[in-house]
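S.K.: This is the structure I want to talk about, given as structure tokens.
The values are calculated or read from the model by the stated rules, or taken from the named source; none is laboratory data. What you see is a predicted model, and the numbers here were worked out from it, not measured in a lab. Cβ: placed from backbone, ideal geometry, glycine included. Neighbour counts: every protein chain shown.
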Amino acid sequence: MPHPSETAILYPHKPAIIMGDSGAMVTYRELDERSNQAAQLFRSLGLDKGDHIALMMENRREYLEICWGAQRAGLIYTPISSHLQADETAYILENCGARLFIASPAVAKVAQDAVAAASSVSHRLMVGGIRPGFESWEEAVDSQPETPIEDQANGVPMLYSSGTTGQPKGVFVPPESDDVHAPHMLAGTLGAAFGFSDETVYLSPAPLYHAAPLHYNMLTLYMGGTTVVMEHFDPERALALIEEHRATHSQWVPIMFVRMLKLPEEVRSKYDVSSMQFAIHAAAPCPIETKERMIDWWGPVIVEYYAASEAAGATLIDSPQWLSHKGSVGRAIMGKVHVVDDEGKEVPPGEVGTIYFSGPQATFEYHNEPEKTAASYNERGWATTGDVGYLDEEDYLYLTDRKHFMIISGGVNIYPQEVENLLITHDKVADVAVFGVPHEEFGEEVKAVIQPQNWVDATDEVAIELMEWLRERLSHIKIPRSIDFNENLPRLDNGKLYKRHLVEEYRAAARDDSAKE
């Protein structure tokens, strides 16, 4: 398997990176030269193998050039979400010990405030412009030679969790080899399962700061393929890029499927997506109806895996398997799945419990926070991410929800995901969050907050229509007791819904109401 530097020798003019909107292209020769310059720059700044850098910017060609420079210099590079605030960014910079911070004008204010509070950062560069306190990335890197550094080593990313249950945690998977030409960590597992090769054309519709998009882009370039990076996700533009570049691989989150399916039929049908061989999805549960429609539309190319940044375990399922086990995320391909009750005892097939993995797992650590490792393990050494679900008789795993989102109303356990998966299929619903709010008699009641397809539908009449629609399809105990409308739910461009923000807002309002009484 070639490193991009080897592909640059064999096929110097082959496109390595193509930006979706601008069409800007980086050939393998240019990627090789630019990543060499970046590595040279890092050494000139005194950064040695094992040192940390961080980058915070929108999707742009320089993103992957910087990552490849860090890979060739043996650095640990941490992408930071472009949606974080200054204190969150400063925490990550300080926690990972980043000595260099690279940002863009789009996040300049946050970046400036963050570095002021991060004592570890000694060098600050900005891509695509300059701001006070930051020097020009372009000027700095242009002055460097295009030849490899003498002490190349294998650098790797260290990504941070979303911080759902506290401060974000830096999950570090050490490289298996210092050899700069060592295979990508996914090459022998998901890379092999999904057929990544030098003929791969990978469409990347998600932000590069997120784990899966970054890994799949780096894997594609390790293999000598071409990656087409969307600056931001747009459902019709994604279809156009598949047709234009004859994309063979892609990675999605379910809300992207939903938004493509909600395009008018005449829009969806005018694009040729027959080149797609593997449309990978993960990161969030996919409604059954949504996946059925995607398979009907794109064919049996939809594949799903369930895993976590901690590499505690993984499952995999392809379209034929899914059609005979609808709703499943597959059987284990790494580790062994266990489903346990609140006392830690394994439950029989069909019974819901907390999902754990045991057996061979990737080596990882929570950077600078070893005490948090124990929170993900039980006394047997089994690892969990806090998800709830069940196994069937054939060991296919089904996700029910995150444990901390479960609603207990009148002693009955209600899983919001089931209600969300149904509501999102309604024509008038663009996005939805379901969660529990305090109730004096029952403890909690079910609340739904809906982002309508059209704001004119944010009416009491539509709320009643949706409630009646649900009553025809769900048990009455699962029906939301009230529906509110919100113009934009807190779903970021990585496709994940940060529901905890809504939960905190509604629970704070409930506490205020109680205090007034």
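S.K.: Taking into account only those residues within the stretch 134-155 that are charged (D, E, K, R) and in a loop (DSSP other than H, G, I, E, B), which is surrounded by the fewest Cβ atoms within 10 Å (Cβ to Cβ)?
M.R.: Going through the stretch 134-155, the residues charged (D, E, K, R) turn out to be 135, 138-139, 142, 146, 150-151.
Add one more test, that the residue is in a loop (DSSP other than H, G, I, E, B), and what stays is 146, 150-151.
Working: 146: 13, 150: 6, 151: 12.
Applying the filter and picking the extreme gives 150.
S.K.: Identify the residue in the stretch 486-501 that is over 19 Å from residue 260 (Cα atoms) and under 20 Å from the mean Cα position of the chain (by Cα) and, among all such residues, is surrounded by the fewest Cβ atoms within 10 Å (Cβ to Cβ).
M.R.: 501
S.K.: Okay, moving on. Scan 157, 148 and give me the residue that is within 25 Å of residue 175 (Cα to Cα), under 23 Å from the mean Cα position of the chain (by Cα) and assigned by TED's automatic domain parsing to the domain that holds residue 33.
M.R.: So the residue among 157, 148 that is within 25 Å of residue 175 (Cα to Cα), under 23 Å from the mean Cα position of the chain (by Cα) and assigned by TED's automatic domain parsing to the domain that holds residue 33 is 157.
S.K.: Condition first: among the charged types (D, E, K, R) and modelled with pLDDT of 55 or more. Now tell me which residues in the stretch 331-383 satisfy that.
M.R.: Scanning the stretch 331-383 gives 331, 336, 341, 342, 343, 345, 346, 351, 379, 380.
S.K.: Further question: Restricting to the stretch 181-227, what's the tally of residues that are outside any loop (DSSP other than H, G, I, E, B) and among the small types (Gly, Ala, Ser)?
M.R.: 6
S.K.: Tell me the helices (runs of 4 or more DSSP H) entirely within the stretch 33-133 that contain at least 1 residues that are modelled with pLDDT of 95 or more and more than 25 Å from the chain's Cα centre (by Cα).
M.R.: Ranges flagged: 108-116.
S.K.: Does residue 478 satisfy the criteria of being more than 28 Å from residue 205 (Cβ to Cβ), touching a residue at least 24 places away in the same chain (Cβ under 8 Å) and surrounded by 17 or more Cβ atoms within 10 Å (Cβ to Cβ)?
M.R.: When the stated conditions are applied, residue 478 passes them.
S.K.: Among 267, 303, 273, which is of a type outside the set (D, E, K, R), touching a residue at least 60 places away in the same chain (Cβ under 8 Å) and closer than 22 Å to residue 243 by Cα? Show your work before the answer.
M.R.: Details: 267 fails: touching a residue at least 60 places away in the same chain (Cβ under 8 Å); 273 fails: touching a residue at least 60 places away in the same chain (Cβ under 8 Å).
Only one candidate qualifies: 303.
S.K.: Related question: I need every pair where a residue in the stretch 334-354 that is on the phi > 0 side of the Ramachandran plot has its Cβ under 9 Å from the Cβ of a residue that is at pLDDT 95 or above, sequence separation at least 6 or different chains.
M.R.: Matching pairs, first to second residue: 350/391; 350/392; 350/393.
S.K.: Might you check whether a residue that is in contact (Cβ under 8 Å) with a residue 24 or more places away in the chain, of a type in the set (S, T, N, Q) and touching a Ser or Thr at 6+ places or on another chain (Cβ under 6 Å) occurs anywhere in the stretch 277-293?
M.R.: Within the stretch 277-293, one or more residues are in contact (Cβ under 8 Å) with a residue 24 or more places away in the chain, of a type in the set (S, T, N, Q) and touching a Ser or Thr at 6+ places or on another chain (Cβ under 6 Å).
S.K.: Let me ask something else. Looking at (1) in a strand (DSSP E or B); (2) in contact with a Phe, Trp or Tyr (Cβ under 7 Å, 6 or more places away or on another chain), find the lone condition where residue 502 falls short.
M.R.: Going through (1) in a strand (DSSP E or B); (2) in contact with a Phe, Trp or Tyr (Cβ under 7 Å, 6 or more places away or on another chain) one by one, residue 502 breaks only (1).
S.K.: Between a residue in the stretch 242-257 that is in contact (Cβ under 8 Å) with a residue 24 or more places away in the chain and over 19 Å from residue 214 (Cα atoms) and any residue that is surrounded by fewer than 23 Cβ atoms within 10 Å (Cβ to Cβ) and among the charged types (D, E, K, R), which pairs come within a Cβ distance under 6 Å, given they are 6 or more apart or on different chains?
M.R.: Close Cβ pairs satisfying both conditions: 243/272.
S.K.: How about the stretch 1-32: which of its residues are in a loop (DSSP other than H, G, I, E, B) and basic (Lys, Arg)? Write out each step before concluding.
M.R.: Narrowing the stretch 1-32 to residues in a loop (DSSP other than H, G, I, E, B): 1-3, 11-14, 20-24.
Within the stretch 1-32, just 14 meets the criteria.
S.K.: What is the number of the single condition among (1) of a type in the set (S, T, N, Q); (2) out of contact with any helix residue (DSSP H, G or I) (no Cβ under 9 Å at 6 or more places or on another chain); (3) closer than 19 Å to residue 493 by Cα that residue 95 does not meet?
M.R.: Going through the list (1) of a type in the set (S, T, N, Q); (2) out of contact with any helix residue (DSSP H, G or I) (no Cβ under 9 Å at 6 or more places or on another chain); (3) closer than 19 Å to residue 493 by Cα, residue 95 breaks only (3).
S.K.: Regarding the stretch 495-507, can at least one residue be identified that is closer than 30 Å to residue 168 by Cα and in contact with a His (Cβ under 6 Å, 6 or more places away or on another chain)?
M.R.: no
S.K.: Would you list the helices (runs of 4 or more DSSP H) that sit entirely within the stretch 228-291 and hold 2 or more residues that are acidic (Asp, Glu)?
M.R.: Qualifying helices (runs of 4 or more DSSP H): 235-245, 265-268.
S.K.: Evaluate the stretch 156-172: report whether one residue or more is surrounded by 18 or more Cβ atoms within 10 Å (Cβ to Cβ) and farther than 30 Å from residue 330 by Cβ.
M.R.: No, that holds for no residue.
S.K.: Determine if the stretch 460-468 includes at least one residue that is buried (at least 17 other Cβ atoms within 10 Å of the Cβ) and under 14 Å from residue 255 (Cα atoms).
M.R.: No: the stretch 460-468 contains no residue that is buried (at least 17 other Cβ atoms within 10 Å of the Cβ) and under 14 Å from residue 255 (Cα atoms).
S.K.: A follow-up question, please. Need pairs with beta-carbon distance below 6 Å; first residue under 11 Å from residue 64 (Cα atoms) and assigned by TED's automatic domain parsing to the domain that holds residue 101 and within the stretch 31-47, second aromatic (Phe, Trp, Tyr) and surrounded by 24 or more Cβ atoms within 10 Å (Cβ to Cβ); sequence gap 6+ or separate chains.
M.R.: Taking only residues 6 or more apart or on different chains, the pairs are 35/68.
S.K.: Still on this structure, I have one more. So which residues in the stretch 378-421 are surrounded by 15 or more Cβ atoms within 10 Å (Cβ to Cβ), part of a helix (DSSP H, G or I) and of a type outside the set (Lys, Arg), if there are any at all? Steps first, please.
M.R.: Taking the stretch 378-421 as the starting set, the residues that turn out to be surrounded by 15 or more Cβ atoms within 10 Å (Cβ to Cβ) are 378, 382-391, 396-403, 405-407, 409, 414-421.
With the extra rule that they be part of a helix (DSSP H, G or I), the set shrinks to 403, 405, 416-421.
Answer for the stretch 378-421, where residues must be surrounded by 15 or more Cβ atoms within 10 Å (Cβ to Cβ), part of a helix (DSSP H, G or I) and of a type outside the set (Lys, Arg): 405, 416, 417, 418, 419, 420, 421.
S.K.: Follow-up. Out of 116, 98, report the one residue that is among the hydrophobic types (A, V, I, L, M, F, W, C), crowded, with 18+ Cβ neighbours inside 10 Å and in the same structural domain as residue 160 (by TED's automatic domain parsing).
M.R.: None of the others qualify; the one that does is 98.
S.K.: So if I check each of 273, 228, 258, 253, which one is of a type outside the set (Ser, Thr, Tyr) and under 25 Å from residue 32 (Cβ atoms)?
M.R.: Residue meeting the stated conditions: 228.
S.K.: Can you pull out every residue in the stretch 341-350 that is in a loop (DSSP other than H, G, I, E, B), surrounded by 12 or more Cβ atoms within 10 Å (Cβ to Cβ) and among the acidic types (Asp, Glu)?
M.R.: 341
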